[in-house]
Every structure is written in C-alpha cells, then in structure tokens.
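The values are calculated or read from the model by the stated rules, or taken from the named source; none is laboratory data. Keep in mind the model is a prediction, meaning the values are calculated, not measured. Positions of Cβ are generated from backbone atoms using ideal geometry, with glycine treated the same way; all protein chains shown enter the neighbour counts. Just the protein is used for accessible areas: all its heavy atoms, side chains included, with ligands, DNA and RNA removed. Shrake-Rupley method; radii C 1.70, N 1.55, O 1.52, S 1.80 Å.
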Amino acid sequence: ALGFEPSVEFDGPVDSVATEELREQLLATLRESLSNVTKHAHATAVILEITVDQQHLVLSVRDDGGGIENASGVGNGLRNMAERAAALGGSCEITPASPEGGTRVEWRVPFASNPA
C-alpha cells in the first residue's frame, strides 16, 4: 500500500526480550504507523527501526512526507498507539522527523529483564 519498500533495521536482541504480548502490541503499532503514512503522509520513503537498549524496546517509524502539522485531522490511530505504550508502562511520541519535514513516531516500552 505504500508504493515503495520501507527500510527496516533491527538492533539488539529483539526476539529474546519481546514477550508475546509485547510482540502483539508492537505489530499493532507498526501497522497503525504504516497505515498513517499511507493515508496521510504522501511520503516517498519510510525508515523502520526496532532497537533494544538496556531497558526498552523501541520502535521508530520515520517518513519524509508532509509532516504531522500538515495532517488532515487526528484520528484514533495516534491515540491507540499512545494507549498501547502506556498500558505497557511506556510512551509514544510523535514529532517532526527533521526540519525539512516528515514525521517520526517513537514507541518506547520497557521489557522485563530476566532475574539473575
């Protein structure tokens, strides 16, 4: 539906830290983010990054479209992404991708570390 292949990058042990619930919420957020790009951004490129740091799994979706400030109305998708993150003790921020335009969604949730 995008009309082009997004760039996809993984960094860190995503498979080993993502529980089934976390995977479900991550995929739902990813689908919603890409749906928003398709419907609203008029983008020609999207970069998806899924990274794991010491405490968080982070999904970043950046596009080169018109930017969130140029979006026609705010629907339920952005609210749903934020609610998914909050339910897992995390956050979801939607910001300009760069001064030139585009949008960046950063969905950050903690993961339970294995006891030593």
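Taking only Cα atoms and a 10 Å spring cutoff, compute GNM fluctuations for the chain and point out the largest among GLU93, GLU20, GLU32.
GLU20
Over the chain, what is the relative contact order in whole percent, taking alpha-carbon pairs under 8 Å and six or more residues apart?
Numbers: 206 pairs, mean separation 31.5, N = 116.
Across the chain, relative contact order equals 27 percent.
Largest first, how would GLU106, GLU100 line up by accessible area (1.4 Å probe)? The partial results should precede the final answer.
Working: GLU106 35, GLU100 160 Å².
Accessible-area ranking of GLU106, GLU100, largest first: GLU100, GLU106.
Give the dimensionless ratio obtained when the Cα radius of gyration of segment 1-65 is divided by 2.2 N^0.38 Å. Could you put the intermediate results ahead of the total?
Numbers: Rg = 12.5 Å, N = 65, 2.2 N^0.38 = 10.7 Å.
Expressed relative to 2.2 N^0.38 Å, the Cα Rg reads 1.17.
Just to be sure I understand the model, the point goes 7 Å from the Cα along the line to the Cβ. What's the resulting SER7 to ASP53 distance in nm?
It is 2.1 nm.
Against the longest alpha carbon principal axis of the chain, how many degrees, from 0 to 90 and to the nearest 10, is the axis of helix 20-36 turned?
Approximately 10 degrees, to the nearest 10.
At a 1.4 Å probe, what is the % contribution of carbon and sulfur to the accessible area of the chain?
On the way: 3420 of 6870 Å².
Carbon and sulfur: 50 percent of the exposed surface of the chain.
Nearest 10 degrees is fine. How inclined is helix 76-87 to the longest principal axis of the chain, computing both from alpha carbons?
20
Could you report the accessible area of SER16 in Å², rounded to 10, computed with a 1.4 Å probe on the protein chains as they sit in the structure?
Taking all protein chains as shown, SER16 has close to 90 Å².
Work out how much length THR19 to ARG31 would gain on full extension: take 0.36 nm times their residue separation and subtract the Cα-Cα distance, in nm to one decimal.
Working: separation 12, 0.36 × 12 = 4.32 nm, distance 1.81 nm.
Here the segment from THR19 to ARG31 would lengthen by 2.5 nm.
Hey, what's the chain come to in accessible area per residue, 1.4 Å probe, Å²?
Working: 6870 Å² over 116 residues.
Per-residue value: 59 Å².
Given the DSSP H assignment, sum -39500 (n - 2.57) over each helix run of at least 4 residues in the chain and divide by its residue total; what's the result at 222 nm in deg cm²/dmol, nearest 500?
On the way: 3 runs with 33 residues, N = 116.
Taken over the chain, the calculation gives -8500 deg cm²/dmol.
Around ARG84, with a cut-off of 14 angstrom between Cβ atoms, what is the net charge of the other residues, counting Lys and Arg +1 and Asp and Glu -1?
Numbers: positive: ARG23, ARG31, ARG79, ARG108; negative: GLU21, GLU24, GLU32, GLU83, GLU93, GLU106.
That sum, taken over residues with Cβ under 14 Å, equals -2.
Tell me the net charge near LEU59. Cut-off is 9 Å between Cβ atoms, LEU59 excluded, with +1 for each Lys or Arg and -1 for each Asp or Glu. If you can, show how the numbers build up before the last one.
Numbers: positive: ARG108; negative: GLU49, GLU106.
Local charge sum for LEU59: -1.
Just need log10 I(q)/I(0) for the chain at q = 0.12, 0.13, 0.15, 0.18 Å⁻¹, Debye formula, equal scatterers on the alpha-carbon atoms, no solvent, rounded to two decimals.
-0.41, -0.48, -0.63, -0.88
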